1. Mind scanning 213/301; 29/273; 213/334; 210/316; 292/329 and naming the pairs with a C-alpha gap bigger than 28 Å?
2. Between the alpha-carbon centers of segment 10-40 and segment 125-149, tell me the distance in whole angstrom.
3. Averaged per residue, what accessible surface does segment 1-89 expose to a 1.4 Å probe, in Å²?
4. How big is segment 30-138 on each of its three principal axes, counting only the C-alpha atoms and giving the largest first in Å?
5. Once Rh is set to the Kirkwood radius over Cα pairs, what Stokes-Einstein translational diffusion coefficient, in µm²/s, holds for the chain at a temperature of 20 °C and a viscosity of 1.002 mPa s?
6. Just reorder 58, 248 by solvent-accessible area, largest first, 1.4 Å probe, all chains present.
7. Among DSSP bridges having both ends in the chain, what percentage is antiparallel? Round to the nearest 5.
8. Let me cross-check residue 92: its accessible surface, 1.4 Å probe, with only protein heavy atoms counted, in Å² to the nearest 10?
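The values are calculated or read from the model by the stated rules, or taken from the named source; none is laboratory data. Computed from a prediction, not measured in an experiment: that's the story for all the values here. Quick reminder, even Gly has a Cβ in these numbers, built from the backbone with ideal geometry, and neighbours come from all protein chains shown. Side chains are part of the model used for accessible areas, which takes the heavy atoms of the whole protein and leaves out ligands, DNA and RNA. Shrake-Rupley method; radii C 1.70, N 1.55, O 1.52, S 1.80 Å.
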Amino acid sequence: MKTYAGIDLHSSNNYIGIINEQDQRLYGKRIPNELDRVLMALEPFRDTLQGVIVESTYNLYWLVDGLQENGYKLHLANPAAIKQYKGLKHTDDKSDAFWLAHMRRLDILPEGYIYPKEERPVRDLLRRRLLFVRHRTSHILSLQSMITRNLGLNMSGSAIKKLKEEEVEGMLDSSNLVFMARNNIAAIQFLGKIIKDIEKEVKPQVKLRKEFKMLLTIPGIGNILGLNMMLEVGDLSRFEKVGNYSSYCRCVGSSRMSNGKKKGENKKKNGNKYLSWAYVEAANFAIRYCAKAQSFYQRKKAKANGIVAIKALSNKICRASYYVMRNRKPFDEKMLFC
């Protein structure tokens with residue numbers, strides 16, 4: 001007899017549902033998020049279980065790692081792609097757990113990628129770097145805005161980063177403005193040190209794999225951005241086509257169209273927000289250092305606006321990077337901006 005287990009996971013508890021080949025419910029129970037309790041529930045079915053399905057949530061590491069280490073075959077369900085029968089009036093954790101097991105039995109389960117445990121801490125460290133970069137940017141923009149409002153000067157971001165606390169005393173005539181500016185500068189410098197420390201910590205631990213080294217030939221992608229992309233992508237072979245990769249990177253629109261008219265939006269948050277950020281960053285750097293990228297950006301900006309133009313360029317770079325990684329060949333701007 002073959003059995004299938006579905007686990008509907010929450011922050012403090014989970015519901016386990018186990019069925020057989022005839023869809024008969026053999027076990028169903030809510031238990032606390034304790035690995036020993038989960039293993040105890042699955043143990044009577046260990047020899048017949050064809051797979052344990054866990055819904056992808058923010059707190060899945062402990063469960064996925066624990067089950068894999070104990071020899072269970074794991075399947076990570078993609079909740080954004082799972083649909084139940086629309087006629088159902090009532091659904092709950094119990095029905096969700098059994099539905100996961102049911103889809104695995106029918107071999108129609110939309111699966112997610114289980115990221116390798118050994119590379120996960122480094123990837124998460126670079127994700128924290130992004131958090132500090134965003135905080136620093138908010139302080140830079142705040143100080144930029146203050147200087148423009150009060151002095152009529154338009155200082156660049158790089159100039160703001162170089163400002164020292166004592167320099168603003170001679171620039172601003174209000175003690176309150178000086179106080180705010182000094183605190184902005186202190187925060188920018190403090191966050192900048194954290195960002196550099198993270199980069200120093202990451203670089204000796206991980207190197208770009210062969211298929212990802214060619215990313216560095218793309219204008220706008222440097223070592224740190226390349227590492228970000230490599231660690232977020234994981235196994236490139238999981239993306240069958242360039243469109244799948246571009247969609248995963250949130251570089252394409254989510255509009256739902258019919259007969260040339262917009263009928264709504266699909267889920268904008270499907271995909272990887274960190275890769276989305278990385279390609280937007282690459283696009284912003286590319287327009288500084290690549291003449292053809294700058295020309296493409298200006299054409300798009302003239303037709304729409306700067307945000308649309310940057311997203312269009314980021315999609316182009318995203319698609320180019322897919323072929324660069326897959327074929328392991330250097331970037332050719334003639335093919336991208338033909």
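1. Numbers: 213/301 31 Å; 29/273 34 Å; 213/334 20 Å; 210/316 22 Å; 292/329 20 Å.
Among 213/301; 29/273; 213/334; 210/316; 292/329, the Cα-Cα distance tops 28 Å for 213/301; 29/273.
2. 44
3. Numbers: 4830 Å² over 89 residues.
Accessible surface, normalised per residue, equals 54 Å².
4. That works out to 49, 37, 26 Å along the principal axes.
5. Working: Rh = 23.5 Å.
Rounded to a whole number, D works out at 91 µm²/s.
6. On the way: 58 180, 248 60 Å².
The residues order as 58, 248, largest area first.
7. Details: 19 of 27 bridges.
Of the beta bridges lying entirely in the chain, close to 70 percent run antiparallel.
8. Residue 92 exposes around 60 Å² with every protein chain in place.
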